[in-house]
Every structure is written in C-alpha cells, then in structure tokens.
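The values are calculated or read from the model by the stated rules, or taken from the named source; none is laboratory data. As the structure is a computational prediction, the values presented were derived from the model and not from experiment. For neighbour counting, all protein chains shown are included, and Cβ atoms are generated from backbone atoms with ideal geometry for every residue, glycine included.
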Amino acid sequence: MNYFVTGATGFIGRHLVAELLRREGTIYALVREGSRGKLEALHERLGRAAEGRVVPVSGDLSTPALGVDGFDEPIDHLFHLAAIYDMAADQHAMERANVEGTRNVIQFANARQVGRFHHVSSIAVAGGYRGVFQEDMFHEGQPLPHAYHRTKFESERAVRERVEATTLIFRPGIVVGHSETGQTDKIDGPYYFFKLIQRLRYALPEWFPLAGPEGGQTNIVPVDFVAKAMDHIAHLPDEQLPGDTFHLVNPEPMTVGEAMIEFQKAAHAPRFTMRVGYQITKAVPKPVRTGIRSLPTVKKVRSQLLADFDIPEAAMENRDFLCTFDARDTQRALQGTGIAVPPLSSYAFRLWDYWERNLDPALFRERSLAGAIRGKRVLVTGASSGIGLETALKLGEAGGEVLLVARTREKLEEAARRIEELGGKAHVHPADLSDPDDVERMAAEVLEEHGRVDILVNNAGKSIRRSVHYQYDRFHDFERTMRINYFGAVKLILALAPGMRERRSGHIINISSYSVQMNTPRFAAYVASKGALDAFSRVFAAEAADDGVHVTTIYMPLVRTPMIAPTSIYRSFPALEPDEAAQLIADAIIDRPKRVSTRFGTFSQVAYSLWPKGADQVLNTFYKLFPEKDPKQKERERKAIEAGERPVTDDNVSTEGVAIAHMMRGIYF
C-alpha cells in the first residue's frame, strides 16, 4: 500500500501519518526543499516506526502538477491536507495555498491515476448557512463572509468537479489540540480567547460571577479524533461507505458560551454564569448596529480592545456558526470502532495547560527589564528608601540610567553608589515634592542636564491613618497628603509630559493604592489624594492615547515599608516586601499595562460598583473590628515609651479582627 500525503508535517498531517504507520505500506510526503527540516523533525517525533517508511518527495504546492520529477510509484491513497486553516491569515496567501494549491494537487493526482483521493476540507464551507447543514450538501447558496470560507469552498468545488479518482471529502470542525496531551501548534478558534480568560483569572477570584456572550453554535474536535476518523473511513471498502463526504464534528455541539465556560473552568477563572444571547443584540435594528460599528471611533476602540487580548478581527467576525452540522454518515462509518469525540470537559484542562506553558504570546515577547530600559532614562521619586529604593536598585542591576529624587541628598548618594556597583548609572536630584516650586526647579534641572525623561515613576507618597472622626480639627492632614501624593506628582507630570508627547514616546507610572479601590476606612486623606491622582491619570491617558505616551496606575497592596511601621496591626495583615513591590513596577515598565491590580483590589472595586451600600456595611464592620485609639492618647503613650515609662504594645485589636486579618492572606493575591 502506497500513500501520498500533502501537508504531512502540518498539524493534522503529523497525526494522520502516525495513524497510517500502524498499517502496512510506504508514506510519500510532499516537501519543499526548504522544508526538509520539518520532515526530519517528524521522523524524530515518530521514532523508529518512520524509518524507511516516511519518504520525502520534493515538490511545491504552488507549482503545476506539484513540480514532482522522477517519481513513478503507484499511489493507492492520496491525502491532501496542505492548506492554510487560519482565519487571521493573509487573503492572497489563502487563495494561493487553498485554491491554486488544490488545483495543482488534482493535476498531479489525475496524471498518476491514484486509487482514492482524500480531500481535507472544512465545515467552513457552510459559511453563513442557517439550519441543518447535511453531509451531502455543498452549493446551497450560502453566504461566504470571509476569505477562509470562500477558499475552502472553492478548493472543495475543484475537487468535486475535477478529480477523476474515487473521492472522499472530510470536513473537520474547529480542530484543537490532542485530547490526551493537549499538544498543538495551531492557534485558532477558541485559543484566541484564552488571553481574555487568563486576564479574568488574574483580575478576579474564581467564584466571581460574570456575564458573557452565549453566541451561536461552535463545533470543537481534538486532532487525534480527526486523524483516527480519517484513517478508518479512508480504508473502508466501497460497499461499506455510507457516503462520500464526512463531517468530522461533535454530534452534540456546544454554544460559544458553553465552550468558554469549560475553558474558564480549566483555567480556574471566573465564569460567564449569565450569558447574553442573540435575542438581546437583535433588539437593536440591524441598520443601527451596522452604523454604530462603522463609526471610526468605534472601530478604533474595538481594534484596540482586540489587540489588547491578541484576538484577530476575523476571529470575532467568524466566531460561531448559524447552523448545526449533521454527521450521520460519519457516525455510521465509525460505528463499533470506539472512535468518537470526547466531551470537551474531559480534556479542556489539557488544552489550557499546554497553551499556557508553550503558546501564550506573552512567552515570546521581550520580557527582560534590561531590554525595556535600554537607552532610556528613568526618573524615580521617593528613591531613598522602601519601594522607590528597591525599584532603583532593580533598574541599576538591569543596566539602566536612573534619576533619583527624594528630599535627602545623603541617602540618594548612597543609593546612587549602590546602583553603580550593580552596573547601572545614577544621578542624584534632591527635591521636596511637597513644594511645587522645588518640583519645578528639580524638573528644569533634570531636563537641562539629561535632555529628557523616558519613564517617570511617581512613587513618593505619604500616608495618614486616622478616622475622619479625629480629623474634624485637622484639615492640615488633608493638605499635606494632597501636596505630596497629588500636587507633587501632577506638577512633575506637567513638567515632563510635553517632551514625551513631542517625542511621541514616554511612560508614566503612578503608584496608587488598593485602598482607592476598597475605600478603606481611616484613610480618607490618603485615599482622597491617591484617588485624585488616579482620576488625573485616567483623563490624561485618554488625551495622550494617540501621542505614544503610556500611563500605568499600580494599585499597590500593603507593603512592609517604614511608612506602615508605626501601625502595629499591620503585622497581622498580608503584605508585600519592598522588593516584591519593586518587581510589580519592573513588570509594568516591561509590559506597559493600563493598570496593575490585585484580585482583591479589583474585586473590591467591582463589588462597590454593584452593591455600594452593602460594601459600606462590610467596611463598617471591619472598621469596628479594628478599634482606633484617640490621637491624643497615642501621643501620650508615644512620649511615655520614649521616656521608658511603658513598653511598646500592639494596637487594641479584637481577637476576631486578628483572625479575619490572617484569613485575608488567602484572598489578597
């Protein structure tokens, strides 16, 4: 038995060749001269079973009759798999490979008088057909909205009209990885939405309910099922063939929403427990929907949203089918073999795990801090201690040029010395960020000496932990936090942003707090100042969106720095170490996200949006569980401690409060 296979080194082809090797015979694989390495890799994958039995045949799909010379072996079965199966591929490339390539294969097959011609088509030939698309249906006047649909339709038409041999046509569904290993090399179909699922997992706890699309029908099948089904059906005697076209699909299809939930479960991400069907979107007249989608602003926003999640435009436009696929002939052909489509729930976790470990686009991006800051000047405020110092040291270790800003020159000079020891460059620029005039002076000095600032990290800040109840006569608490946390940061942005926008390049990172998302009691002055900076950042980011300037807000969780040391209850709360907080900033420099938040912070923000009064009651309960001492009493105790008249003790905290604080460790991150 002799087999001739196009696309033998491709995704489906590799698995089909493995199945064919279980039979007697030689497999001739069409390979371009420049692609012999792929066949060698296939040999290594298949091991000793392929030795002497998988034979390369030089040729090219783009050449008439494949350009094959000197090959005169008889061919019992020709499997044509070579094609472009990617919705996001170039239209002209699809035309050349899928249509012209198929015509060249047909020319080769007819000249060689092959026994059987097996063509791998796709359920995409159904295009926008509505209803039940049967296996014996083909040209039903269905709309073909995308180049992929059109090229698969035209290639199948060429096979039906021109092949002289007995012909079998296979139409696989949306082919995903192996059901037992998860292995795949093909990002298509549901994989395009994995990044969105991953982001949801990082943002919210698994149990958090979400609303999402129900969508139409989708039909997902693992590659091992496709290969086994093709191998079995291809070898059936003529009298046992129930037809000549076979839908290799799941006879129990799912909606897009149902499939998404299986992958969300696999990723331990929050799920679309409420799904919105077509009925809702159809309530808006089609001309209105079309008009809205055609607006330049809407197109721009949509494109940016899809780009953020690595989703091609075509994947959204052709996400699901309007029909279901009959597969009765396929079921009859496979009866009694045990070859069947496993339920997605039984292998979705394998697909997810393989994607996240091997194919996540983030794995292939430049992920080094050194690469992100090469040739750039980074200004860090509050650089003499805590988060700012650790960030500056990380930048120095990565070989960066760091501009250090804080009040005390001596501390900055010590930080500069450490940075230079690590291999970086450091420049000291002392300034009092609570004094607008001094900020202006320092910014002018920086620009005069260095010419520009490429990355600004607004880290310097001040925190006051005090109930409003004890601030009725302490307006200065609000003034001094606003001076450094808000006005100082904004003053510096106003000085450096013009150059960034003129150069169309820049990155501003503002260190906010999870307290802004939580509305944490006793931090009214601090939260208000950070919230003001947060609001400024959002507005400025919108204005500068087209100017090449990125704005990142980091909602920093509790960090063990000198700023929180006076509050002893924080010893019971989960908190980052300064170097961990600095790593968040380093990652933000690399990825330039819009925002960085913990799950707990995001959950708090969402909860307040959905249930503001309830959130107030929850926070009020926590407020009472952690009683606060009168500031005057605390001052008396401080003086007593300094005088040695009493030992240091913890704040007055209820046992229940401490227990809850410890429980929060498992919720924060």
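Out of everything in the range 520-543 that is charged (D, E, K, R) and surrounded by fewer than 17 Cβ atoms within 10 Å (Cβ to Cβ), what residue ends up being farthest from the chain's Cα centre (by Cα)? Ranking the candidates gives 543 first.
Picking from residues in the range 158-174 that are assigned to a strand (DSSP E or B) and out of contact with any Lys or Arg (no Cβ under 7 Å at 6 or more places or on another chain), the one that is nearest to residue 322 (Cα to Cα) is 174. Every listed requirement among (1) crowded, with 21+ Cβ neighbours inside 10 Å; (2) modelled with pLDDT under 80 is met by residue 556 save one, (2). For the range 92-111, taking the residues that are surrounded by fewer than 19 Cβ atoms within 10 Å (Cβ to Cβ) and over 35 Å from the mean Cα position of the chain (by Cα), the one that is nearest to residue 236 (Cα to Cα) is identified as 110. Counting only helices (runs of 4 or more DSSP H) that fall entirely inside the range 452-530 and contain at least 3 residues that are modelled with pLDDT under 90, the qualifying elements are 475-481, 514-518. Residue 84 meets all of the listed conditions (1) more than 22 Å from residue 241 (Cα to Cα); (2) part of a loop (DSSP other than H, G, I, E, B); (3) touching a His at 6+ places or on another chain (Cβ under 8 Å); (4) of a type outside the set (Gly, Ala, Ser) but one, namely (3). Determine if the range 427-441 includes at least one residue that is part of a helix (DSSP H, G or I), within 30 Å of residue 177 (Cα to Cα) and not basic (Lys, Arg). Scanning the range 427-441, I find no residue that is part of a helix (DSSP H, G or I), within 30 Å of residue 177 (Cα to Cα) and not basic (Lys, Arg), so the answer is no.
Taken together, the criteria place residue 506 among residues that are touching a helix residue (DSSP H, G or I) at 6+ places or on another chain (Cβ under 8 Å), surrounded by 21 or more Cβ atoms within 10 Å (Cβ to Cβ), in contact (Cβ under 8 Å) with a residue 12 or more places away in the chain and among the small types (Gly, Ala, Ser).
Considering only residues of the range 33-47 that are of a type in the set (Gly, Ala, Ser) and more than 18 Å from residue 22 (Cα to Cα), which is surrounded by the fewest Cβ atoms within 10 Å (Cβ to Cβ)?
Step one: filter the range 33-47 for residues of a type in the set (Gly, Ala, Ser), giving 34-35, 37, 41, 47.
Restricting the remaining residues to those that are more than 18 Å from residue 22 (Cα to Cα) gives 34-35, 37, 41.
On the way: 34: 8, 35: 14, 37: 10, 41: 12.
Applying the filter and picking the extreme gives 34.
For residue 155, the conditions (1) of a type outside the set (Val, Ile, Thr); (2) crowded, with 21+ Cβ neighbours inside 10 Å; (3) part of a loop (DSSP other than H, G, I, E, B) all hold with the exception of (3).
Quick check on the range 372-382. Is at least one of its residues more than 29 Å from the chain's Cα centre (by Cα), in a loop (DSSP other than H, G, I, E, B) and modelled with pLDDT under 95? Yes, the range 372-382 contains at least one residue that is more than 29 Å from the chain's Cα centre (by Cα), in a loop (DSSP other than H, G, I, E, B) and modelled with pLDDT under 95.
Residue 35 meets all of the listed conditions (1) modelled with pLDDT under 85; (2) over 27 Å from residue 110 (Cβ atoms) but one, namely (2).
Can you say whether residue 198 is of a type in the set (S, T, N, Q) and modelled with pLDDT of 95 or more, as far as the supplied structure shows?
Working: of a type in the set (S, T, N, Q): yes; modelled with pLDDT of 95 or more: no.
Spelling it out, it is not the case that residue 198 is of a type in the set (S, T, N, Q) and modelled with pLDDT of 95 or more.
Screening the range 165-212 for residues that are touching a Ser or Thr at 6+ places or on another chain (Cβ under 7 Å) and of a type in the set (A, V, I, L, M) and picking the one that is surrounded by the most Cβ atoms within 10 Å (Cβ to Cβ) gives 176.
Within the range 352-378, residues that are among the polar types (S, T, N, Q) sit with their Cβ atoms under 9 Å from residues that are outside any loop (DSSP other than H, G, I, E, B), at 6+ positions apart or across chains, in these pairs: 368/590.
Evaluation of residue 467 against the conditions (1) under 35 Å from the mean Cα position of the chain (by Cα); (2) under 30 Å from residue 607 (Cα atoms); (3) of a type in the set (Gly, Ala, Ser) shows that the sole unmet condition is (1). Might you check whether a residue that is assigned by TED's automatic domain parsing to the domain that holds residue 326, farther than 30 Å from residue 325 by Cα and hydroxyl-bearing (Ser, Thr, Tyr) occurs anywhere in the range 60-67? Yes, the range 60-67 has at least one match. Out of everything in the range 47-71 that is of a type in the set (A, V, I, L, M, F, W, C) and modelled with pLDDT under 80, what residue ends up being nearest to residue 110 (Cα to Cα)? Filtering the range 47-71 for residues that are of a type in the set (A, V, I, L, M, F, W, C) and modelled with pLDDT under 80, the one nearest to residue 110 (Cα to Cα) comes out as 50.
Within the range 115-127, is even one residue within 18 Å of residue 9 (Cβ to Cβ) and either in the same structural domain as residue 166 (by TED's automatic domain parsing) or out of contact with any Phe, Trp or Tyr (no Cβ under 7 Å at 6 or more places or on another chain) (or both)? Outline the logic, then answer.
Within the range 115-127, the first condition is being within 18 Å of residue 9 (Cβ to Cβ), and the residues that meet it are 118, 120.
From what is left, the residues that are either in the same structural domain as residue 166 (by TED's automatic domain parsing) or out of contact with any Phe, Trp or Tyr (no Cβ under 7 Å at 6 or more places or on another chain) (or both) are 118, 120.
Scanning the range 115-127 turns up at least one residue that is within 18 Å of residue 9 (Cβ to Cβ) and either in the same structural domain as residue 166 (by TED's automatic domain parsing) or out of contact with any Phe, Trp or Tyr (no Cβ under 7 Å at 6 or more places or on another chain) (or both).
Using the structure shown, decide if residue 162 is at pLDDT 95 or above, surrounded by fewer than 18 Cβ atoms within 10 Å (Cβ to Cβ) and not acidic (Asp, Glu).
Working: at pLDDT 95 or above: yes; surrounded by fewer than 18 Cβ atoms within 10 Å (Cβ to Cβ): yes; not acidic (Asp, Glu): yes.
Taking the combined requirement at face value, the residue satisfies it.
Could you check how many residues of the range 48-86 are surrounded by 17 or more Cβ atoms within 10 Å (Cβ to Cβ) and either of a type in the set (Phe, Trp, Tyr) or touching a Cys at 6+ places or on another chain (Cβ under 8 Å) (or both)? Residues in the range 48-86 being surrounded by 17 or more Cβ atoms within 10 Å (Cβ to Cβ) and either of a type in the set (Phe, Trp, Tyr) or touching a Cys at 6+ places or on another chain (Cβ under 8 Å) (or both): 2 in total.
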